[in-house]
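In what follows, a single structure is set out as structure tokens and then discussed.
Values quoted throughout were computed directly from the atomic coordinates according to the rules given, and no laboratory measurement underlies them. From a predicted model like this one, the values you see are computed outputs, not experimental measurements. In this analysis, Cβ positions are derived from the backbone assuming ideal geometry, glycine residues included, and neighbour counts consider all displayed protein chains.
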Amino acid sequence: MQSLVIVAHGSHLNPDASTPTYDHADTVREAGVFDEVRTAFWKEEPSFREALRTVQAEEVYVVPLFISEGYFTEQVIPRELRLDDWDEEAWDSDGTSATHATLEATDVGKTVHYCGPVGTHDAMSDVIVRRAETVTGDPDVGERSDSPNSRASRTESDGEVGLAVVGHGTERNENSAKAIEYHADRIADRDRFEEVRALFMDEDPEVDDVTDFFESDDIVVVPLFVADGYHTQEDIPEDMGLTDDYRTGWETPAEVDGHDVWYAGAVGTEALMAEVILERAAEAGADVGDAVETVRRRTRVAGTDAGTGAGAGTGD
Amino acid sequence: MTDVNDRQVDALVAAADDGVDCDGLRVRRGEDGYRFETPDGAETGLEESALRSVAAENPWFVSNWYCWREVDRPEVETAFLRWLESADDRSVPDRYEALADGVEASWGELAVEVALGGDGRRTYAVRHEEDADRPVGELEVYADPLSARELVTYDDRGRYRPLKTAPTLQTGWALLDLDGRSLVRAVDVVYPATVTNWHLERQGELDVSHWRETMERQTGIYGVIRTWDRGEGYEHVNWVAEACCDDSQCLKRREWEYDDDTDLDVDGGDGAFPCREPCSLVVAAARQWTKLEGEQPQTYEFELTPSEKEQVEAIIDTVADGEAGEIREADVYEGANRYRARFLRAKRFDEEGRLGGVSTDD
Ligand code: SF4
């Protein structure tokens with residue numbers, strides 16, 4: 001018997017904070033490779049402290065739905081799960097390379113395979129690209145092909161598209177910036193987008209000046225956040241000049257300084273995130289069969305009608 | 001009514017080799033044949049065919065055993081489901097008579113109804129206790145226990161519920177035809193981990209973390225809370241418990257105290273399920289109180305009429321009891337009425353919003 005527990009931040013104030021966690025848990029549950037799929041939160045219930053006792057299996061895979069290694073993944077979660085033998089060396093990570101560590105949760109006596117956060121997994125680069133496809137409704141966004149399928153024409157450009165990956169800066173967490181840069185570099189290496197930049201909220205290069213960093217007419221902006229909330233739905237849209245007041249929403253794309261800015265909202269809401277959760281658990285030894293492939297297929301952008309639910313702002 | 005079917009009897013005959021012992025039914029195979037015993041008496045020396053006919057004459061006992069015999073059910077689930085129908089306190093015939101009409105049990109604001117399904121199995125229905133007597137046709141009916149997730153996010157006023165055990169569960173829905181597993185799952189969605197902690201408590205194994213150790217464990221922005229405990233007593237924690245953990249605010253029964261040796265003076269409540277440590281909401285509020293309570297009291301001088309003083313008290317009471325929204329527009333006889341509050345503000349605040357024109361830091 002193997003169980004999966006997805007641990008996430010949650011919120012006392014924002015009901016949407018836990019939505020992606022539940023959605024991805026549902027996707028993984030439907031894949032049918034775990035006997036139980038549970039969720040646990042820092043700010044909601046069940047809490048990290050009480051999640052493992054509700055799980056039946058003796059063998060539990062714990063995957064943090066967090067963007068980077070840092071305070072939560074290295075201190076809060078192991079402490080609250082009572083992984084008493086945990087220490088930061090256990091992951092042997094350079095800040096983005098954690099995979100997993102096997103420990104005992106001492107209050108319940110279960111074996112916990114404690115995985116690195118989803119945000120630093122290589123597959124996360126694919127999710128960022130998928131997010132760009134979803135928000136533009138173009139499965140080939142950025143591809144400089146003459147393919148008649150390319151919907152780049154819709155953007156009235158020559159098909160050259162820039163991609164901005166956005167996160168907090170180092171002020172909050174040094175590894176947070178590392179994770180952003182890591183994925184930006186990996187995506188740049190694929191030579192798909194004309195330009196790829198890592199931008200930050202509280203340091204240079206700042207997302208406020210997004211258009212300064214791109215030549216391309218079309219810019220897709222993907223914030224590396226787990227859930228939509230204050231930062232992704234209020235701060236960033238206003239800072240980038242998509243709107244003067246987040247409450248009135250914004251266009252997708254929105255015209256800023258002569259560029260078309262396609263703002264994707266939190267990458268964590270992208271359905272493909274479920275695949276990263278599975279990858280994390282598989283690396284830690286879970287038997288996930290062909291679930292990774294299944295999820296990848298099921299969450300694929302449907303083409304023209306994709307992109308709904310993205311970028312319309314919170315409205316209210 | 002309950003019939004014993006062949007499947008149950010076959011299972012009973014097979015189980016008799018190892019012995020059956022369930023709620024007063026005892027069956028085993030001895031050297032001189034089978035023995036079948038209920039609280040009403042025992043029959044011994046039975047051939048298999050005779051065992052089969054006695055079994056058929058005691059359908060409730062056999063079907064009850066069959067229902068609880070499932071071995072892959074986690075212990076906590078069995079304990080909870082049996083508790084719902086008072087299986088440890090009521091005899092089988094007594095229970096079966098009751099189950100025929102449906103047995104009601106309560107868990108927080110949930111009303112759980114247990115009834116008999118086919119094959120001795122139970123079926124469960126769950127809804128808000130306020131809806132217990134409403135016809136199902138008036139309720140939104142769900143079958144998947146996970147769909148309860150949508151129901152617990154907002155209260156009836158559409159406000160987000162950050163604490164799942166707050167007594168603000170939405171009404172107007174029902175989960176019907178659940179088996180035991182799905183019922184426990186649904187309850188766990190509505191009130192996470194409460195069944196597990198209730199079970200641990202019944203086993204004498206609930207691991208309570210008191211206020212002190214919980215606050216000492218905090219780090220990051222919550223690390224500051226430990227400075228609120230200055231070894232000068234625990235009155236501040238009484239206030240926290242009164243503010244947050246009272247039954248009017250949270251249905252868990254608070255089992256945590258100040259520390260191992262010091263109980264709080266505030267009642268923990270009557271909830272069915274225990275609270276084993278201060279929750280994240282209490283921790284977050286405690287951080288704010290730690291900051292606010294670092295201030296020293298000052299003497300301010302205001303003039304208020306006696307009625308105005310009482311009005312201030314009424315406003316605080318009304319907000320604290322969450323009743324501000326219920327005061328009618330024209331009910332100017334209530335101190336917390338909007339027009340009354342606006343009048344007080346017009347009269348007693350200066351242009352900068354200062355009560356009695358008195359500045360805050362002098
Ligand atoms: S700490 Fe208080 S408010 Fe929080 S769950 Fe326990 S009893 Fe309820």
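Could you check which residue among B:Ala193, B:Ala320, B:Ala286 shows the biggest mean-square fluctuation in a GNM of chain B with a 10 Å Cα cutoff?
So, out of B:Ala193, B:Ala320, B:Ala286, the one fluctuating most is B:Ala320.
Comparing A:Ser216, A:Ser93, A:Ser176, which has the greatest mean-square fluctuation in the GNM of chain A with Cα pairs linked when under 10 Å apart?
Fluctuation is largest for A:Ser93.
For the pair A:Thr102/B:Leu355, report the inter-label distance in nm, with labels modelled 7 Å from Cα in the Cβ direction.
Each label point is offset 7 Å from its Cα along the Cβ direction, giving 6.2 nm.
Which is farthest toward the positive dipole end of the stretch A:173-270 among A:Pro205, A:Thr252, A:Ala266, measuring Cα position about the Cα centre, with Cβ charges +1 (Lys, Arg) and -1 (Asp, Glu)?
Final value for the positive-end residue is A:Ala266.
In a Debye calculation with equal point scatterers on the alpha-carbon sites of the stretch B:299-362 and no solvent, what is log10 I(q)/I(0) at q = 0.23, 0.24, 0.27 Å⁻¹?
Once normalised to I(0) and log-transformed, intensities are -1.01, -1.06, -1.18.
Just the number, please: Stokes-Einstein D of chain B in µm²/s, Kirkwood Rh from C-alpha pairs, 37 °C, 0.692 mPa s.
Translational diffusion coefficient: 131 µm²/s.
Starting from the Cα-Cα distance between B:Glu242 and B:Glu43, subtract it from 0.36 nm times their residue separation and give me the gain in nm to one decimal.
Here the segment from B:Glu242 to B:Glu43 would lengthen by 65.7 nm.
Expressed as a rounded percentage, what relative contact order does chain A have, with Cα pairs under 8 Å and six or more residues apart?
Answer for chain A is 19 percent.
Quick one: dipole size for the protein assembly as shown, taken about the Cα centre, charges +1 on Lys/Arg Cβ and -1 on Asp/Glu Cβ, in debye to the nearest 20.
1320 debye
I need to check one value: relative contact order of chain B, counting alpha carbon pairs closer than 8 Å and at least 6 residues apart, in percent.
This gives 10 percent for chain B.
Grab the DSSP H runs of chain B that are 4 residues or longer, score each as -39,500 (n - 2.57), total them, divide by all residues and round the 222 nm result to the nearest 500 deg cm²/dmol.
-11000 deg cm²/dmol
Return the inverse of the average 1/r over all pairs of distinct C-alpha atoms in the stretch B:155-267, which is the Kirkwood hydrodynamic radius, in Å to one decimal.
16.6 Å
Which value, in nm² and rounded to one decimal, describes the direction-averaged projected area of the C-alpha convex hull of the stretch A:181-256?
5.4 nm²
Given 10 Å bins starting at zero, what is the percent of C-alpha pairs of the protein assembly as shown in each, up to the one with the largest pair distance?
Answer for the protein assembly as shown: a P(r) of 3, 12, 19, 21, 19, 14, 7, 3, 1, 0 percent.
When N counts the residues of the stretch B:207-292, how does its alpha-carbon radius of gyration compare numerically with 2.2 N^0.38 Å, as a ratio?
Ratio of Cα Rg to 2.2 N^0.38 Å: 1.00.
With only Lys, Arg, Asp and Glu charged, each at its Cβ (+1 for the first two, -1 for the last two), find how big the charge dipole of the stretch B:75-200 is about the Cα centre; round to the nearest 20 debye.
So the magnitude is around 480 debye.
Suppose the Debye formula is applied to equal point scatterers at every Cα of the stretch B:75-200; what is log10 I(q)/I(0) at q = 0.15, 0.20 Å⁻¹?
One equal scatterer on each Cα of the stretch B:75-200 leads to -0.68, -1.18.
Identify which of B:Ala79, B:Ala125, B:Ala15 has the largest mean-square fluctuation in a Gaussian network model of chain B, with springs joining Cα atoms closer than 10 Å.
Comparing B:Ala79, B:Ala125, B:Ala15 in a Gaussian network model of chain B, the most mobile one is B:Ala15.
May I ask which residue of B:Gly204, B:Leu176, B:Leu84 lies farthest towards the positive end of the charge dipole of chain B, with charges of +1 (Lys, Arg) and -1 (Asp, Glu) on Cβ and the Cα centre as origin?
Of the listed residues, the answer is B:Leu176.
I'd like the trypsin sites (Lys or Arg not before Pro) in the stretch B:96-199 restricted to DSSP loop residues with at most 11 other Cβ atoms within 10 Å, sorted by number.
Passing sites in the stretch B:96-199 are B:Arg157, B:Arg159.
Relative contact order, percent, of the stretch B:183-317 when contacts are C-alpha pairs under 8 Å separated by at least 6 residues?
The normalised contact order for the stretch B:183-317 reaches 26 percent.
Under a point-charge model restricted to the Cβ atoms of Lys and Arg (+1) and Asp and Glu (-1), what is the dipole moment magnitude of the stretch B:6-70 relative to its Cα centre, in debye to the nearest 20?
That gives the stretch B:6-70 a dipole magnitude of about 120 debye.
Based on Cα coordinates alone, diagonalise the gyration tensor for the stretch B:1-98, multiply each eigenvalue by 5, take square roots, and list the semi-axes in whole Å, largest first.
After diagonalising the Cα gyration tensor, the semi-axes are 23, 15, 12 Å.
Summarise the partner chain shielding of B:226-233 as one whole number: the mean count of Cβ atoms from other chains within 10 Å of each residue's Cβ.
For peptide B:226-233, the averaged partner shielding equals 0.
Given the Cα-Cα distance of A:Asp235 and A:Arg190 and 0.36 nm per residue of separation, how much length would full extension add, in nm?
So the chain would gain 13.2 nm between A:Asp235 and A:Arg190.
Of B:Glu104, B:Glu277, B:Glu308, how do they rank once you tally other Cβ atoms within 10 Å and put the fewest first?
In increasing order of surrounding Cβ atoms, one gets B:Glu104, B:Glu308, B:Glu277.
Cβ neighbours within 10 Å, averaged per peptide: list A:260-267, A:76-83, B:20-27, B:311-318 in order, most packed at the top.
Going from most to least packed, we get A:260-267, A:76-83, B:20-27, B:311-318.
Over 10 Å intervals from 0, what percent of Cα-Cα pairs in the stretch A:122-269 sits in each interval?
12, 46, 35, 7, 0
Per residue and in Å³, how big is the convex hull formed by the alpha-carbon atoms of chain A?
Looking at chain A, the number lands at 120 Å³ per residue.
Just list whichever of B:Lys164/B:Lys252; B:Lys291/B:Lys347; A:Lys43/A:Lys178 have alpha carbons separated by over 21 Å in the model shown.
B:Lys291/B:Lys347; A:Lys43/A:Lys178
Can you tell me how much longer the chain between B:Glu235 and B:Asp32 gets when fully stretched, taken as 0.36 nm per residue apart minus their C-alpha distance, in nm with one decimal?
That works out to 66.0 nm of additional length.
For the pair B:Val136 and A:Glu203, what calculated FRET efficiency results from E = 1/(1 + (r/R0)^6), where r is the Cβ-Cβ distance and R0 = 56 Å, to the nearest 0.05?
Efficiency at R0 = 56 Å is approximately 0.45.
Have a look at B:Leu25, A:His9, B:Trp228 and report the one farthest towards the positive end of the charge dipole of the protein assembly as shown, computed about the Cα centre with Cβ charges (Lys/Arg +1, Asp/Glu -1).
In the protein assembly as shown, that residue is B:Leu25.
Cα atoms only: what Rg and Dmax, in Å, come out for the stretch B:70-137?
Over the stretch B:70-137's Cα set, Rg and Dmax evaluate to 12.6, 36 Å.
Give me the distance between the Cα centres of the stretch B:246-303 and the stretch A:26-80, rounded to whole Å.
Each part reduced to its Cα centre gives a spacing of 28 Å.
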